[in-house]
Amino acid sequence: MQLHNLKPAQGATQSRKRVGRGEGGGGTTAGKGNKGQQSRTGYQSKKGHEGGQMPIQRRMPKRGFKSLNRIENKVFNLGQLDFLIEKYNITEFTPDNLYINGLINRTDVVKILGNGELKAKMTFKVNAVSAKAKEAIEAAGGTVELV
């Protein structure tokens, strides 16, 4: 195969329909039906307009609420931490170390939750920690510092 041999697949391209060129080329109305705004040049319909029928975005019921002040936490459970510490050789559990290893984005808020068990003794500098997780970390000999 060479550049001068390349061509589209069979049936991939079709010639444009030339309408409005006399009786043989689409007839009198050129495929646009009869009179009216839609047969004229420059016609544009509004996005979502359904011809007088109630639009779907107004037929659907409103549900829920999204708070503008919601803080989305990046959550780590105690059960995950031993695996992450081994895999990434993390000596101190901080947002900077997590960002360097590609586990979070720069602006993420890190929270530790108490699901699972922690075996390693570790220093945690995070944005938030649950009460159960804090107890488990301190029981394992680690320390928790809120940033």
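So the values come out like this:
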| quantity | calculated |
| --- | --- |
| Some residue of the stretch 59-68 being basic (Lys, Arg), in a helix (DSSP H, G or I) and exposed (fewer than 10 other Cβ atoms within 10 Å of the Cβ) | yes |
| Residue count, the stretch 19-44 (criterion: surrounded by 10 or more Cβ atoms within 10 Å (Cβ to Cβ), part of a helix (DSSP H, G or I) and at pLDDT below 80) | 1 |
| Flag for residue 47 being at negative phi, charged (D, E, K, R), in a loop (DSSP other than H, G, I, E, B) and in contact (Cβ under 8 Å) with a residue 12 or more places away in the chain | no |
| Pairs where the first residue, in the stretch 8-34, is under 27 Å from residue 44 (Cβ atoms) and the second is outside any loop (DSSP other than H, G, I, E, B) and among the small types (Gly, Ala, Ser), C-beta under 8 Å, 6+ apart | 18/25; 19/25; 29/39; 32/39; 33/39 |
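The values are calculated or read from the model by the stated rules, or taken from the named source; none is laboratory data. Keep in mind the model is a prediction, meaning the values are calculated, not measured. Backbone-built Cβ (ideal geometry, glycine too); neighbour counts: all protein chains shown.
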